[in-house]
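Notes follow the structure.
The values are calculated or read from the model by the stated rules, or taken from the named source; none is laboratory data. What you are looking at is a predicted structure, and each value in this text was computed from that prediction instead of being measured. Please note: Cβ atoms are built from the backbone with ideal geometry, for glycine as well, and neighbour counts cover all protein chains shown.
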Amino acid sequence: MNFKNMVTVKDVVNYYLAGQAEKILNEHSHGEAFEIEDVKKLLFAEIKQFDYEFQQKLSLKKRQKYMFEFTNLIELLTPKEFSQVIPIKKDFKGYKTEIRDYFSTVEFIESIGWNNKIKNGFEFLMNYWADETFLLSVFMMETVSDFKQRESGKPIFQTFLEEQGIELHTPDDFKNE
């Protein structure tokens, strides 16, 4: 049996979602305003079919364009509407691991208001806790870091460490010890 040519359920779902997204975009190709339900469907399709490995292979310019288009789409919704598309993950251990969880996401959303438009799609995504959005958040942070590195010669994490007075070591630093 040749497994290389087999179509998986994920392939079928991605094909369907891509078709739905294309249909919505075509309906608005002449600049018509998007209905909130169309925005929700488009966001759902984009999040569910997001391919981290494919996106990482794109040029920095194309990654930035995707990131800005995606965050602009998020900014058309309220947190309540976004959470109807992608529910907040019911993980309550953030206080132990010092990472995002359900409570930190709700706290962040309450600071901007459940029914207010999302003003900063990037910030919102960085503070939103859901399995579906995690790789997308990582992709966006890497894109920002790559841009910062192209701009300044240093990745964003290195700049952060230097600003905190923390010396960065590489494995090569320990070879002579």
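Remarks
- Taken over the stretch 38-55, the criterion of being closer than 17 Å to MET140 by Cβ and more than 13 Å from the chain's Cα centre (by Cα) is satisfied by GLU53, PHE54.
- The single condition from (1) in contact with a Pro (Cβ under 8 Å, 6 or more places away or on another chain); (2) within 26 Å of PHE54 (Cβ to Cβ); (3) among the hydrophobic types (A, V, I, L, M, F, W, C) that LEU125 fails is (1).
- If the condition is being outside any helix (DSSP H, G or I), of a type in the set (D, E, K, R) and closer than 13 Å to LEU125 by Cβ, then the stretch 36-80 contributes only GLU75.
- Check on GLU75, over 27 Å from ALA33 (Cα atoms), at pLDDT 90 or above and not basic (Lys, Arg): no
- As a summary of the residue check, PHE134 satisfies the conditions (1) of a type outside the set (D, E, K, R); (2) surrounded by fewer than 13 Cβ atoms within 10 Å (Cβ to Cβ); (3) closer than 19 Å to PHE103 by Cβ except for the one numbered (2).
- 3 or more residues free of Cβ contacts under 8 Å to residues at least 40 places away in the same chain: qualifying helices (runs of 4 or more DSSP H) within the stretch 81-142: 94-97, 102-112
- Test: residue in the stretch 23-38 that is exposed (fewer than 11 other Cβ atoms within 10 Å of the Cβ) and modelled with pLDDT of 85 or more: yes
Matching residues to (1) buried (at least 16 other Cβ atoms within 10 Å of the Cβ); (2) touching a Cys at 6+ places or on another chain (Cβ under 9 Å); (3) over 25 Å from LYS65 (Cβ atoms):
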residue	(1), (2), (3)
LYS93	no, no, yes
GLU98	no, no, yes
VAL106	no, no, yes
ILE112	yes, no, yes
TRP129	yes, no, yes
ARG150	no, no, no
GLU163	no, no, yes
PRO171	no, no, yes
